[in-house]
Every structure is written in structure tokens, then in C-alpha cells.
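As C-alpha cells, the structure follows; a few thoughts come after it.
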């Protein structure tokens, strides 16, 4: 019973975070389009990119509502969304593969932003749309590879469907309410290829991030007395956002998942780690948007002005309501 309540809490957290992330990022998209300062204009493209990938991911999480679990050497991708309960295995394969595509897109889009920043800072000229598009094309190719490998890994899910259902029905976490799922054995060769490819992509992305960030830091240190204050300040603002956006998922998702994956490949046991994967990941679009709003001074000032305007409007409305109530009361009692 307690486990079932915990499951419902995880699902509620995931859905709440994903919807909130969507709303916050739509608002951020508005700020980026209409309130980006001249100094930050060169970075507008990657700010939009980051915002759009977050929106795509939140839509994916909200609609698909994926839950990941492992049990007795089997990896499960589960959804309890009501509109998928009668879906075929092939439909679930495509849907879950798209979910994986959006997760990989979310992670691998970050190195593009670091390289974009490096190109702009070192050349002090706007990065062309073609170069940006080529970098994104590489990311899409990587996402498509992971999409295909995921599909191949889980395409034989029907063959172990009965065994998988039996395993989860015996798990008190589900309390008999599994939903629909696809599954694969940990020792599946495609699973190993899928996992190792993901590790290679993520590690390569982190290497690109470290090298690009180090190159920018070294360049700025060398020429900081010759560049304008606005350019230096804009670089510092965008730098803080990018570094935190890269570190948070690496520390709180990638490292724990990597450690757990090593354990699961050796023992195949149960753990809370995969169960909390999607709720934790669904927080990141909110974190990303808040970081941009906090560290980008112009966006922060616009938000403060908006909050003050709303507060003033509410106060004025309350004053009017109180005045009208007092007027009605006076008329009723003949005052």
C-alpha cells in the first residue's frame, strides 16, 4: 500500500513538473523573443534552442508519462496514461522511442550552446544560421541513432510479455496496477549496444563542453582588457547559465544512472533509482528556465516589473472592492 502511494506521488510530481516546465518555458520564450538586450542578441539563437528543446521534452513527458523500472534482470518502460492502455506493442515502441529521442535531444543540445558561445566570443561576429543548423543536424543524427537502437532493443518485447507482467504484478510498488509496458532483458545484445552508445554520446558531449568552456575562459582572460564591458557581462551571464545547465543533469542523473547501470548489469536487482529518473528529469526544464530568468538581468527586471504590475493591479482591485462594499453598507444602514 505504501509503495503504491509512493508510485502515485512520483507520477503526480512528474506530471506537475512537466506541465509547470511547459508554462515557464513558454513565458521564457516570450521574454527571449521580445526582451533580449542588444548585448545578448548574439546568444538569442541558443537561448531559443534551449527553450524549444525544453518545451518539446515537457510535451513528451506530459503526454507519454513514462515510468522506468528494473526487476530481475529486465528493464521496463511503462505508461499508465489512459489513452495508451489499448495500444499495440508497436505503437508503444514508437511512442517510447520518441520519448528517448527527446531526452537525448535535451542533453546533446547543451554542447551545441557551448560551441556556439566559443565561436561567437573568439570571432566576435554572429554565428551563421548555417553553422548552427549543422551543429543541430549532428545532434539530430545522434538522437536518431539512439531512437533506432532503443527500437531494436525493445522490439521483441512481446516474447517476454508474460514473464514481465508476472514480475511487476508481484511488485508491491504497482499494487496490481501496472499499465502498459515494453520490456527487454538486460543481457540483450542490443541493450548493451544501446547503453554503450548513450555513454559514448554523453561523454563526448561533456568533453566538448569542458574544452569549449576552457577555451572561452582562456580567451577572455587574454583579451578582457580589449573587449567592451557589455560583451564581457553578456558572456558572464550566459556562461553561468550554461555551466549550471550542464552540471545539474550530469551530477544528479547521469552519474547515478551510470553507477546503477553497472550494478544492474552485474546483479539485475531492484532499485529506487530508475523509478525516480523521470520525475527528476522533468524538473530540469523548470531549472533551466529559472536559471535564464535569474542570471539574465534584463529578463529578471522584466519579471520584477510584471510582478509589481500584477501586485499593483490586485491592490487597486481590492481597494475598489472595499470602497464599493463600504458604499453599499452605508446605503443599507442609511449613513
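Just for region 176-192: of the residues that are part of a helix (DSSP H, G or I) and over 24 Å from the mean Cα position of the chain (by Cα), which one is surrounded by the fewest Cβ atoms within 10 Å (Cβ to Cβ)?
Checking each candidate, the answer is 189.
Within region 119-140, how many residues turn out to be surrounded by fewer than 11 Cβ atoms within 10 Å (Cβ to Cβ), in contact with a helix residue (DSSP H, G or I) (Cβ under 9 Å, 6 or more places away or on another chain) and in a helix (DSSP H, G or I)?
Looking only at that region, the number is 1.
Only residues that are modelled with pLDDT of 80 or more and either within 16 Å of residue 120 (Cβ to Cβ) or crowded, with 16+ Cβ neighbours inside 10 Å (or both): list them for region 241-254, please.
Selection gives 241, 242, 245, 246.
Could you list, ordered by first residue, the pairs with Cβ atoms under 9 Å in which the first is in region 205-228 and modelled with pLDDT under 90 and the second is outside any helix (DSSP H, G or I), at least 6 apart or interchain?
220/227; 227/124; 228/39
Would you be able to tell me the number of residues in region 224-240 that are within 14 Å of residue 120 (Cβ to Cβ) and surrounded by 13 or more Cβ atoms within 10 Å (Cβ to Cβ)?
So the answer is 8.
Going by what's in this entry, would residue 96 be described as under 23 Å from residue 15 (Cα atoms), touching a residue at least 40 places away in the same chain (Cβ under 8 Å) and part of a helix (DSSP H, G or I)?
yes
Taking region 33-55 on its own, how many of its residues are out of contact with any helix residue (DSSP H, G or I) (no Cβ under 8 Å at 6 or more places or on another chain) and surrounded by 15 or more Cβ atoms within 10 Å (Cβ to Cβ)?
0
Listed residues 66, 79, 153, 58; which is at pLDDT 90 or above, touching a strand residue (DSSP E or B) at 6+ places or on another chain (Cβ under 8 Å) and crowded, with 19+ Cβ neighbours inside 10 Å?
153
Kindly establish whether residue 115 is under 22 Å from residue 10 (Cβ atoms) and surrounded by fewer than 23 Cβ atoms within 10 Å (Cβ to Cβ). Steps first, please.
Values: under 22 Å from residue 10 (Cβ atoms): no; surrounded by fewer than 23 Cβ atoms within 10 Å (Cβ to Cβ): yes.
Criteria not met by residue 115.
Is it the case that residue 97 is touching a strand residue (DSSP E or B) at 6+ places or on another chain (Cβ under 7 Å), under 28 Å from residue 62 (Cβ atoms) and crowded, with 16+ Cβ neighbours inside 10 Å?
no
The values are calculated or read from the model by the stated rules, or taken from the named source; none is laboratory data. The shown structure was predicted, so the numbers you read here are calculated from the model rather than taken from an experiment. Neighbour counts run over all protein chains shown; Cβ positions are idealised from the backbone, glycine included.
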